[in-house]
Amino acid sequence: MTVDRYLRMIAGAIVVSTLALGYWVNPNWFLFTGFVGLNLFQSAFTNWCPMMTFLRKLGVRDSASLGVGNMTHATPGQRS
């Protein structure tokens, strides 16, 4: 898997977890949910996220290094 896929997976897991914690444990967990959302929002413009840096240091490959950055997906019955 690539950094982008890990980032989406981890962010989704954190959002769902903190929503559950905020509902059943303590509403202050919603602040962490907001932090993750704002961080994803800013990363859409800057292409930088602290988790991406952490994942790269762990050795996860970028999609650009795999040559899959500009792939297009054909729908069934369509030629690419």
> When only residues in region 1-47 that are of a type in the set (A, V, I, L, M, F, W, C), over 11 Å from the mean Cα position of the chain (by Cα) and within 21 Å of ALA64 (Cα to Cα) count, which is modelled with the highest pLDDT?
Replying inline: PHE45
> Hey, among the residues in region 62-80 that are within 19 Å of ARG8 (Cα to Cα) and either at pLDDT 95 or above or of a type in the set (Ser, Thr, Tyr) (or both), which one's surrounded by the fewest Cβ atoms within 10 Å (Cβ to Cβ)?
Replying inline: SER65
> Hey, among the residues in region 13-49 that are closer than 21 Å to GLY59 by Cα and not hydrophobic (A, V, I, L, M, F, W, C), which one's surrounded by the fewest Cβ atoms within 10 Å (Cβ to Cβ)?
Replying inline: ASN47
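The values are calculated or read from the model by the stated rules, or taken from the named source; none is laboratory data. The structure displayed is predicted, hence computed values, not measured ones. Backbone-built Cβ (ideal geometry, glycine too); neighbour counts: all protein chains shown.
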